[in-house]
Every structure is written in structure tokens, then in C-alpha cells.
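Let me begin by presenting the structure, written as C-alpha cells, before commenting on it.
The values are calculated or read from the model by the stated rules, or taken from the named source; none is laboratory data. All values reported here derive from a predicted model rather than from experimental measurement. Methodologically, a virtual Cβ is constructed for each residue, glycine included, from the backbone with ideal geometry; neighbour enumeration extends over all protein chains shown. Heavy atoms of the whole protein, side chains included, go into the accessibility calculation; ligands, DNA and RNA do not. Shrake-Rupley method; radii C 1.70, N 1.55, O 1.52, S 1.80 Å.
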Amino acid sequence: ETAVFQTPNYHVTQVGNEVSFNCKQTLGHDTMYWYKQDSKKLLKIMFSYNNKQLIVNETVPRRFSPQSSDKAHLNLRIKSVEPEDSAVYLCASSAWGDSYEQYFGPGTRLTVL
Amino acid sequence: GDSVTQTEGLVTLTEGLPVMLNCTYQTIYSNPFLFWYVQHLNESPRLLLKSFTDNKRTEHQGFHATLHKSSSSFHLQKSSAQLSDSALYYCALSNYQLIWGSGTKLIIKP
């Protein structure tokens, strides 16, 4: 099956803990993205990787760090989570130089208590 | 910089009535791709339709949109709303990434 896969689906944690989210795509794309979707449903780009190189790093808190081992994988680590980090984190991928049409994973819902 | 504007945050319609969701954009690129994505409850966004060609109607799953470069618009339309159309709709513009509008929540009532 060709798609974008994310784990976990849900994660509940406490303030100050560290969390990691995983994303894998089997679409053969070379560009991957992390978005944050808050309670107001705004889609905010956080990071973008093209062939393992960071190409967009929007103004996000430094406790967020993306990690890419190859063009099919893009993980997100959050050190010392804060309550405002509660959101849905969406991973997406696209083919660079095409229309940049993005395909999304199912998302990871993070709740910080 | 590039931007996408969706003026309606919420649209509520009765089943069977026509749907029109507005999208306008600003870009320095002369040949942008424009997209409509739909996000149903507890799902992730998925592509509904996209266009690159000026003044050409694009259709998918009963929805249609026409890119008008003269007015920088890409409005989404459907002739008759269905209950299952209730969802969040995003308009997006492509440069080297997608520039997203703020989304329009569409609620269809019986």
C-alpha cells in the first residue's frame, strides 16, 4: 500500500515530558512536511525536508526538532512539552518540482496535561 | 509574500442548495497551482481538486472550480449540497510549498 503512515495515533503526556512522532511515506516522494493543526483548525507548516535537507524551518519553539534518516522518513521530537503543544500533528509528503500536491498521513493527536 | 484568503469561516446551508466557497490569492508567480482540500471530521486533509490552467473548469466528486488569473480567484462550487459534504475545506496555493487559507467549515443541514 502506498501512503503516508504516522505513529502513534494518539499520545497523552504530562508537561515537561519528551515525545517523538514518526512518519513514513511509501509514495516515492522526496519532500516531507510536518504541520500543526490546532483547535481552530489552522494548518501551520512547521518543517519541510527535501531529500533529507531542511528547507523550511518556520518559527517554532526550539523544543521542537525534526529528524530525517532518509527521504521516506521524517520524525518529530518535542522536548519538554507545554500545554500549548496540544494539537494534531500532520505529516505530509510531495514530489519536489511537481505541483507540490501534498498527501497527508492520518495525524497524531497530542494531549498535554 | 504569497497568501490565500478564504473569507468565510463558516457556511451553513440546507441540503439541496448550491454551494460556493470563496478563495482568492496573491502570488508573484505567473503560473501557480491552486488546490482545494477537504477534511472530514477526525480525518486528515485530502485533495479534492487542483488547477493550473486559466479559465478552465476542473471537476471532481460533484464539485467544480475555475481558476481565474484575472481576478486571482479559485472558488469552489457544487450545484446541490449533500449532508456528506459537511467538512472543512481549505484552499491552497503552490509555490515551492503549499500556502494554505484559513479554511471554511461547511455545515449542511437536512
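Taking the options B:25, B:29, B:89, name whichever one is touching a residue at least 60 places away in the same chain (Cβ under 8 Å), of a type in the set (Phe, Trp, Tyr) and away from chain A (no Cβ under 14 Å).
Working: B:29 fails: away from chain A (no Cβ under 14 Å); B:89 fails: away from chain A (no Cβ under 14 Å).
One residue alone meets the criteria, B:25.
Hand me the list of strands (runs of 3 or more DSSP E) wholly inside the stretch A:33-113 holding 1 or more residues that are within 12 Å of chain B (Cβ to nearest Cβ) and open to solvent by 30 Å² or more (accessible area, probe 1.4 Å).
Values: elements: A:43-50, A:53-57, A:64-70, A:73-78, A:87-94, A:108-112.
By residue number, A:43-50, A:53-57, A:108-112.
I'd like the full set of residues that are in a loop (DSSP other than H, G, I, E, B) and under 22 Å from residue A:37 (Cβ atoms), limited to the stretch B:1-42.
Let us first name the residues in the stretch B:1-42 that are in a loop (DSSP other than H, G, I, E, B), namely B:1-2, B:6-9, B:15-18, B:22-23, B:27-32, B:40-42.
Of everything in the stretch B:1-42, those that are in a loop (DSSP other than H, G, I, E, B) and under 22 Å from residue A:37 (Cβ atoms) turn out to be B:1, B:2, B:6, B:7, B:8, B:9, B:22, B:23, B:40, B:41, B:42.
If you scan the stretch B:85-110, which residues turn out to be more than 12 Å from the chain's Cα centre (by Cα) and of a type outside the set (Asp, Glu)?
Quick first cut of the stretch B:85-110, residues more than 12 Å from the chain's Cα centre (by Cα) only: B:85-86, B:94-99, B:107-110.
Of everything in the stretch B:85-110, those that are more than 12 Å from the chain's Cα centre (by Cα) and of a type outside the set (Asp, Glu) turn out to be B:86, B:94, B:95, B:96, B:97, B:98, B:99, B:107, B:108, B:109, B:110.
Tally the residues that are in contact (Cβ under 8 Å) with a residue 12 or more places away in the chain and more than 11 Å from the chain's Cα centre (by Cα), restricting the search to the stretch A:24-54.
Keep residues of the stretch A:24-54 that are in contact (Cβ under 8 Å) with a residue 12 or more places away in the chain, which gives A:24-39, A:43-52, A:54.
If we keep only those that are more than 11 Å from the chain's Cα centre (by Cα) as well, we get A:25-31, A:38-39, A:43, A:50-52, A:54.
Number satisfying all stated conditions: 14.
Would you confirm whether or not the stretch B:69-83 contains a residue that is within 14 Å of chain A (Cβ to nearest Cβ), more than 13 Å from the chain's Cα centre (by Cα) and either among the hydroxyl-bearing types (Ser, Thr, Tyr) or surrounded by 12 or more Cβ atoms within 10 Å (Cβ to Cβ) (or both)?
No.
Take the stretch A:1-32 and flag every residue that is among the β-branched types (Val, Ile, Thr), at pLDDT 95 or above and either within 13 Å of residue A:70 (Cα to Cα) or in a strand (DSSP E or B) (or both). Walk me through it before giving the result.
Start the filter on the stretch A:1-32 by keeping residues that are among the β-branched types (Val, Ile, Thr), which leaves A:2, A:4, A:7, A:12-13, A:15, A:19, A:26, A:31.
Of the ones still in play, those that are also at pLDDT 95 or above are A:4, A:7, A:12-13, A:15, A:19, A:26.
A:4, A:7, A:12, A:13, A:19, A:26, listed by residue number.
Only residues that are open to solvent by 90 Å² or more (accessible area, probe 1.4 Å) and more than 12 Å from every other protein chain (Cβ to nearest Cβ): list them for the stretch B:36-68, please.
B:55, B:56, B:57, B:59, B:61 - these are the residues of the stretch B:36-68 that are open to solvent by 90 Å² or more (accessible area, probe 1.4 Å) and more than 12 Å from every other protein chain (Cβ to nearest Cβ).
Of everything in the stretch A:20-32 that's of a type in the set (S, T, N, Q) and crowded, with 21+ Cβ neighbours inside 10 Å, which residue is farthest from the other protein chains (Cβ to nearest Cβ)? Can you show your working first?
From the stretch A:20-32, those of a type in the set (S, T, N, Q) are A:20, A:22, A:25-26, A:31; that's our starting set.
Going one step further and asking which of them are crowded, with 21+ Cβ neighbours inside 10 Å, we end up with A:25, A:31.
On the way: A:25: 13, A:31: 8 Å.
Among them, the one singled out is A:25.
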